[in-house]
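Written below as structure tokens is the structure these notes are about.
Just so it is clear, none of the values below were taken in a lab; they were calculated from the coordinates. Remember, predicted model here, so these are calculated numbers, not experimental data. Every residue, glycine among them, receives a Cβ derived from its backbone with ideal geometry; neighbour counts consider all protein chains shown.
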Amino acid sequence: MIFTKLILNKVVIRLQMLHILALVFLLTPRTAFGQDTTLNKYGLWVISSTSILQKTINVNTNKSMIDIKKYIPTIVLDLRYATTNNFMKTKLYPNINYTFLRKPAAKALKKVQTELNKKGLGVKIFDAYRPYSVTEKMWEPIKDDRYAADPKKGSGHNRGVAVDVTIINVKTGEEINMGTGFDNFSDTAHGDFNNLPLLVLQNRLLLKSTMENYGFKVLDTEWWHFYLPNAKEYELLDVPFKKLKSIRKSID
């Protein structure tokens, strides 16, 4: 009987300690980073302040937001959401010719570019960092999480670790044939859709295997969408593009 009580007491103490640790974990971001810690209507913490973002980078330099065009000058940008050439048929970004990724994603993409360049090929980016407020706008007409990120969860784009890409011929600048265009919301764009010409299947495999060689994973329903699997280690952001240029960063 005494032995049983001792065991129960130990279990209770352990549960109490785990409860305290959980509370500390939940409260740390809200107390460490100041006032920009209000949860949104979905219970998510979305950083909209450059000063708060800078504090997270000071703690972990992997959270640096890297200007991709400056870091990989040979990369081609075709930022569709800065134009009307997208499924929303409206500009969702300002007129920009630059975009961002977190440091690990930027470094991985540079390795992809280097490998493809050896074959006379290169990367074209359709989208990288996407402010959270844009994700909310995109969700409204689609409301299908196969093709648009649900704001209740946020997107890898909002965290700066997802990128939408294709492959181009460096000499001509033309995209190689992937069977569909960007933001094609049909089964034909799915990774397991095989009723395609052999050349298209080979091109998709080349993109997928090269990206995966450097740590990216592909979204099953979009051949162009790649992300780092540890996305939740990075906070959701709603910082305007222009303000990101003022953030101190580390690429070492």
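Charge tally for residue 195 (other residues, Cβ to Cβ under 15 Å; Lys, Arg +1; Asp, Glu -1): -1. Rounded to the nearest whole Hz, the Karplus-based 3J(HN,Hα) values (6.51 cos²θ - 1.76 cosθ + 1.60, θ = phi - 60°) of the stretch 229-235 follow the sequence x, 9, 4, 6, 6, 10, 6, with x at glycine and proline. Remark on residue 66: its backbone amide H falls under 5 Å from those of 101, 102, 103, a criterion applied only to residues 5 or more positions apart or on other chains, H modelled at 1.01 Å from N. Helix 103-117 and the long axis of the chain differ in direction by around 30°, with both axes built from C-alpha atoms.
When you restrict to C-alpha pairs under 8 Å that are six or more residues apart and normalise by the size of the chain, the relative contact order lands at 21 percent. Summarising the amide proton neighbourhood of residue 93: residues at separation of 5 or more, or on other chains, whose placed amide H is nearer than 5 Å comprise 82, 83. Counting every alpha-carbon pair across the stretch 39-244, the share separated by more than 30 Å comes to 17%. Per the Cα gyration tensor, the stretch 148-252 maps to an equivalent ellipsoid with semi-axes of 28, 17, 13 Å, ordered largest to smallest. The string of couplings for the stretch 40-50 from the Karplus curve (6.51, -1.76, 1.60, θ = phi - 60°) is 7, 5, 9, x, 9, 8, 10, 7, 10, 9, 5 Hz, one whole number per residue in order, with x for Gly and Pro. Karplus-derived 3J(HN,Hα) values for the stretch 68-81, using 6.51 cos²θ - 1.76 cosθ + 1.60 with θ = phi - 60°, are 5, 5, 6, 7, 10, x, 7, 6, 9, 10, 9, 6, 4, 7 Hz; glycine and proline are entered as x. Each of residue 58 and residue 169 was given a label point 7 Å from its Cα along the Cα-to-Cβ line. The distance between the two points is 5.1 nm. Positive contributions from Lys and Arg (+1) and negative ones from Asp and Glu (-1), summed over other residues with Cβ under 14 Å from the Cβ of residue 215, come out at +4. Sites listed here are chymotrypsin sites (Phe, Trp or Tyr not before Pro) in the stretch 49-139 whose DSSP assignment is loop and whose Cβ has at most 13 other Cβ atoms within 10 Å, and the list is empty. What value, in deg cm²/dmol to 500, does the helix sum -39500 (n - 2.57) over DSSP H runs of n ≥ 4 give at 222 nm once divided by the residues of the chain? Calculated at 222 nm, the ellipticity per residue is -11500 deg cm²/dmol. Under 5 Å from the amide H of residue 236 lie the amide H atoms of 47, each residue being 5 or more positions distant or on a separate chain, with H modelled from the backbone and absent for Pro and chain starts.
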